[in-house]
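The values are calculated or read from the model by the stated rules, or taken from the named source; none is laboratory data. This structure is a prediction, so every number in the text was calculated from the model and none was measured. Every residue, glycine as well, gets a Cβ built from its backbone with ideal geometry; the counts of neighbours run over all protein chains shown. In case anyone asks, the SASA skips ligands and DNA or RNA and just uses the protein heavy atoms, side chains included. Shrake-Rupley method; radii C 1.70, N 1.55, O 1.52, S 1.80 Å.
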Amino acid sequence: MAQTLVATKGNLITLKKSIVLAQTGYDLMNQKRNILIHEMMLLIDEIKKIRDDLVNTYKKAYLALQDANVTLGIVSEIAKTIPVDDKLQVTYRSVMGVDIPKIIYEREPIKLSYGMGRTNTKFDYAFTRFQDVRDLTIKLAEIDNSCYRLANAIRKSQKRANALKNIVIPNFHKNIKLISDSLEEKEREEFGRMKVIKAKKGNKN
């Protein structure tokens with residue numbers, strides 16, 4: 001970059017303006033990264049709690065399913081009568097330009113879609129426990145995806161901040177110094193040349 005720049009005052013002014021913009025960009029990237037990190041740390045704490053809850057809920061659900069299987073036989077055919085829940089909706093909120101998903105879902109009251117004569121309370125209990133599993137899984141999917149998006153944005157912000165700090169801004173400083181030194185050298189040469197001309201004029205007089 002320095003090799004292609006002409007040492008002029010106009011270029012020097014342009015470079016000084018550019019370095020101010022680059023420094024502002026670096027500060028903004030740092031600010032964005034810090035806000036995203038804070039947002040992600042809040043979600044990480046929540047993820048740990050949900051995962052712990054999900055492990056315990058799965059245990060309860062599978063124990064309940066075992067009890068239902070023991071009393072009714074294998075209940076897979078009965079389970080097929082339960083309709084697929086497709087009422088999930090996804091919206092997004094923006095955090096420093098990063099789209100964070102928000103899953104909209106309301107758990108409806110239990111509607112028994114299977115015959116009462118073929119089941120018992122143990123099957124009903126297992127069904128309820130797996131609904132709990134579904135609810136926690138939805139929440140975990142939302143937060144996991146949010147963390148992934150935030151982590152990706154943090155990585156990109158860090159990469160851009162590093163490029164500004166370690167490459168762009170130092171190059172601007174280097175070019176400013178080269179042009180400044182060149183202009184100062186030209187001024188010294190011009191000053192020396194003017195002194196010689198003045199001296200010659202003085203000798204003629």
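Could you check how many residues of region 89-119 are modelled with pLDDT under 85 and surrounded by fewer than 12 Cβ atoms within 10 Å (Cβ to Cβ)?
So the answer is 9.
State all residues of region 120-152 that are hydrophobic (A, V, I, L, M, F, W, C) and open to solvent by 50 Å² or more (accessible area, probe 1.4 Å); if no residue qualifies, say none.
PHE130, ALA141
Can you say whether ILE47 is out of contact with any Phe, Trp or Tyr (no Cβ under 9 Å at 6 or more places or on another chain), surrounded by 13 or more Cβ atoms within 10 Å (Cβ to Cβ) and assigned to a strand (DSSP E or B), as far as the supplied structure shows?
Spelling it out, it is not the case that ILE47 is out of contact with any Phe, Trp or Tyr (no Cβ under 9 Å at 6 or more places or on another chain), surrounded by 13 or more Cβ atoms within 10 Å (Cβ to Cβ) and assigned to a strand (DSSP E or B).
For region 50-83, name all the residues that are open to solvent by 80 Å² or more (accessible area, probe 1.4 Å) and over 33 Å from the mean Cα position of the chain (by Cα).
Of everything in region 50-83, those that are open to solvent by 80 Å² or more (accessible area, probe 1.4 Å) and over 33 Å from the mean Cα position of the chain (by Cα) turn out to be LYS59, LYS60, TYR62, LEU63, GLN66, VAL70, ILE74, GLU77, LYS80, PRO83.
Report, by residue number, each residue of region 18-51 that is β-branched (Val, Ile, Thr), touching a residue at least 60 places away in the same chain (Cβ under 8 Å) and over 22 Å from ASN152 (Cβ atoms).
Matches in region 18-51: ILE19 only.
Given the conditions (1) over 29 Å from ARG149 (Cβ atoms); (2) part of a helix (DSSP H, G or I); (3) in contact (Cβ under 8 Å) with a residue 24 or more places away in the chain; (4) among the hydrophobic types (A, V, I, L, M, F, W, C), and given that LEU54 satisfies all but one, which numbered condition is not satisfied?
So the condition that LEU54 fails would be (1).
May I ask you to say which residue of ILE19, ILE35 is open to solvent by less than 40 Å² (accessible area, probe 1.4 Å), of a type outside the set (S, T, N, Q) and part of a helix (DSSP H, G or I)?
Every option except ILE19 fails the conditions.
Restricting the search to region 123-142, which residues are of a type outside the set (Asp, Glu) and in contact with a strand residue (DSSP E or B) (Cβ under 9 Å, 6 or more places away or on another chain)?
Answer for region 123-142, where residues must be of a type outside the set (Asp, Glu) and in contact with a strand residue (DSSP E or B) (Cβ under 9 Å, 6 or more places away or on another chain): ILE138, LYS139, ALA141.
Please determine whether any residue of region 188-198 is part of a helix (DSSP H, G or I) and in contact (Cβ under 8 Å) with a residue 24 or more places away in the chain.
Among the residues of region 188-198, not one is part of a helix (DSSP H, G or I) and in contact (Cβ under 8 Å) with a residue 24 or more places away in the chain, which makes the answer no.
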